[in-house]
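The values are calculated or read from the model by the stated rules, or taken from the named source; none is laboratory data. Nothing here was measured: the structure is a model prediction, and the numbers come from that model. Cβ: placed from backbone, ideal geometry, glycine included. Neighbour counts: every protein chain shown. Just so you know, the surface numbers come from the protein's heavy atoms only, side chains and all, with ligands and any DNA or RNA stripped out. Shrake-Rupley method; radii C 1.70, N 1.55, O 1.52, S 1.80 Å.
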Amino acid sequence: MRISVIGCGYLGAVHAACMAKLGHEVTGVDVDERKISELSSARAPFFEPGLEELLREVQATGRLSFTTDIAAVKGSSVHFICVGTPQKDGENGADLTYVDAAAGELIPYLNDGDVVVGKSTVPVGTAARLAKIVREVQPEAHLLWNPEFLREGHAVADTLQPDRFVYGVENGSEDHHAVQVLDKVYAVALEAGSPRLVTDLPTAELVKTAANSFLATKISFINAMAELCEAAGADVTLLADAIGMDDRIGRKFLNAGIGFGGGCLPKDIRAFMARAGELGADQALTFLREVDAINMRRRTRVVELTRELCGGSLLGQRITVLGAAFKPESDDVRDSPALSIAAQLQLQGAVVTVSDPEALKNAARRFPELHYEKSTEVALRRADAVLLLTEWTEYRDLDPYEAATLVSATRILDGRNALNSNKWRAAGWTFRGLGRP
Ligand code: NAD
């Protein structure tokens, strides 16, 4: 099939490459010339495991091309909208400027029977509004909402074989023409067993925001338990193991630490609250305000713990922060808790060095005032305290004896509860975890 993908960021670039891998002819469109130039040369404009290899593989087949010219969507019969929906400046709601612009630019090129597939995360009601606009200009085209659940760091596998497909169509019916078209696009994954659910448009939009709200709530729940464990002298990691054994609860997303960040969870729960308010249902989501507050409190808590670890003052303390990305296996620093803590420490008088295997370029763009060092070994030299804030494998595997020979003072704060505290203490380190004695 001939497919266009509009917006080639973390979601769209992976989607375009994976659709070509499935055998489709794909045109990726983005307004960012740098991104398009890199993608056209089969280089990934961001770090995502396996993406660059995939780009090289599919571009060699001639089935994948990239351009900044929207007119290139002509001839495609399926058009995926994958542009960003960031938080509005100074407000909780989602900024729909990019989605509206992408739809507006695409619509003049639609032919009879074409299907527009929204993948961006949008406030409920957006799809119905866009479907109406599409119908007014091209009555024979269809709009479907197909929210995306990929995880950065696993994006290629998640796109090729997702754990579910959700298709939202206007009449909510399996017989809708757009359902049959999308089934053809995803035939390989469907045959391999990925389940799919057909819903109406608002349900499909809500599935995505509800899923992210649930995940955010789970993380904030265990972080609230960490606060209690700290107050009561208990250990949140053992508590999580024990409650996680109940399969109604489950152990996943129960790691207490510095909280969630990234380009999705924080802005999605805020946009959800804002939209609920517009719909007169704000009471239903007031709990998300608490979820957000617990999450942001973690960052302040780490700054306070670091001050304690440094003997009461941060002034002039050389602090090494391991990790800048919002999570391992990604270079995404959007709303990264690690970077926000690093910046706070610097503001309060510490001399901060940040290290990360992949995210330093993005981090330096966001916080140019911090000092960055690629090599872990160099970053650790002469540190007065070390903070592990993004749990990359190379940091989990650090040898506490070797690390001790590099630093000025053997003090470490494990912001992700990823290290073996006994091992570090045995090597002479003063060790602090979150929610642990
Ligand atoms: P991103 O910022 O990495 O990418 C968005 C891209 O859209 C950018 O490259 C931008 O230049 C491009 N763009 C903006 N306006 C355009 C236009 N008019 N025409 C063409 N391109 C345009 O964002 P992302 O992380 O890929 O997220 C995209 C959407 O997917 C968001 O709604 C997000 O919530 C959702 N989502 C993201 C993930 C994820 O893990 N990143 C997962 C699921 C859903």
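Spin-label model, ASP397/LYS184: points 7 Å from Cα along the beta carbon direction are separated by 4.7 nm.
Accessible surface for region 277-351, divided over its residues, is 42 Å² per residue with a 1.4 Å probe. For the chain, the antiparallel share of DSSP beta bridges with both residues in that region comes to about 5%. Distance between the modelled labels on ARG151 and LEU347, one decimal in nanometres: 3.1 nm (7 Å Cα→Cβ projection). Among the protein heavy atoms, those of GLU174 account for about 100 Å² of accessible surface (1.4 Å probe, every chain in place).
In order along region 62-79, the phi-based Karplus estimate (6.51 cos²θ - 1.76 cosθ + 1.60, θ = phi - 60°) of 3J(HN,Hα) comes to x, 8, 10, 9, 10, 7, 9, 9, 4, 4, 5, 6, 4, x, 7, 10, 10, 10 Hz; Gly and Pro are listed as x.
Note on LEU315 and ALA284: with the Förster distance fixed at 60 Å, the Cβ-Cβ geometry gives a FRET efficiency of about 0.85. Once all protein chains are placed together, GLU377 keeps about 100 Å² accessible to a 1.4 angstrom probe.
Helix 12-21 axis versus longest C-alpha principal axis of the chain: approximately 60°, rounded to the nearest ten. Report, to the nearest whole %, how much of the accessible area of region 2-194 belongs to carbon and sulfur atoms, 1.4 Å probe, protein only. Carbon with sulfur: 48 percent of the solvent-accessible area. Here's how it looks for PHE165: its modeled amide H is under 5 Å from those of ARG196, LEU197, which are all 5 or more places away or on a different chain.
Rolling a 1.4 angstrom probe over the protein heavy atoms with all chains in place gives region 2-194 an accessible area of 40 Å² per residue. For the peptides 187-194, 316-323, 290-297, residues were scored by their other Cβ atoms within 10 Å and the scores averaged per peptide; the highest-first order is 316-323, 290-297, 187-194. In the chain, the DSSP-assigned H stretches of four residues or longer account for a calculated mean residue ellipticity at 222 nm of -12500 deg cm²/dmol, using -39500 (n - 2.57) per stretch and the full residue count as denominator.
Normalised by residue count, region 2-194 yields a Cα convex hull volume of 116 Å³ per residue.
Once fully extended, how much extra length lies between ALA293 and SER173, figured as 0.36 nm per residue of separation less the alpha-carbon to alpha-carbon distance?
Full extension of this stretch gives 39.2 nm more.
Heavy-atom accessible area for TYR98, with the other protein chains in place and a 1.4 Å probe, reaches approximately 120 Å².
Seen from LEU315, the other residues with C-beta closer than 12 Å to its C-beta sum to a net charge of +1, counting Lys and Arg as +1 and Asp and Glu as -1. Segment ASP247..GLU91, full-extension length gain: 52.4 nm, with 0.36 nm per residue of separation and the alpha-carbon distance subtracted. Accessible area per residue (1.4 Å probe, heavy atoms of protein chains only) ranks THR97, THR390 as THR97, THR390, with the largest value leading.
Here r is the Cβ-Cβ distance between ARG164 and THR61 and R0 is 25 Å; the resulting FRET efficiency, rounded to 0.05, is 0.30. Would you mind calculating the relative contact order of the chain from Cα pairs under 8 angstrom and at least 6 residues apart, reporting the percent as a whole number? Result for the chain is 12 percent. Are any of the pairs LYS208/LYS327; LYS184/LYS218; LYS35/LYS132; LYS327/LYS423; LYS21/LYS374; LYS184/LYS252 more than 26 Å apart by Cα-Cα distance, and if so, which? The answer is LYS184/LYS218; LYS35/LYS132; LYS21/LYS374; LYS184/LYS252. Restricting the calculation to alpha carbons of region 201-437 gives Rg and Dmax of 18.3, 60 angstrom. Here the accessible area is traced with a 1.4 Å probe on the protein chains. For region 201-437, carbon and sulfur cover 55 percent of it. Near PRO108, once Lys and Arg are set to +1 and Asp and Glu to -1 for all other residues with Cβ below 13 Å from its Cβ, the sum equals -2. For the pair region 226-287 / region 308-329, the C-alpha centres are spaced 24 Å from each other. Applying the Karplus relation 6.51 cos²θ - 1.76 cosθ + 1.60 with θ = phi - 60° to region 315-332 yields 3J(HN,Hα) values of 4, x, 6, 8, 10, 9, 9, 8, x, 10, 5, 6, 7, x, 6, 8, 10, 7 Hz, where x marks Gly and Pro. Residues whose amide H comes within less than 5 Å of that of TYR372, counting only those at least five positions distant or on another chain, are VAL354 (H built at 1.01 Å from N in the peptide plane).
Within region 18-50, name every residue whose backbone N is under 19 Å away from a label modeled 7 Å from Cα of SER194 along the Cβ vector. Residues 18-28, 48-50 fall inside that zone.
Mean-square fluctuations from a GNM of the chain, with a 10 angstrom spring cutoff on Cα atoms, peak among ARG34, ARG411, ARG299 at ARG34. Note on VAL137 and GLU105: the extension gain reaches 10.3 nm, defined as 0.36 nm multiplied by sequence separation minus the Cα-Cα distance.
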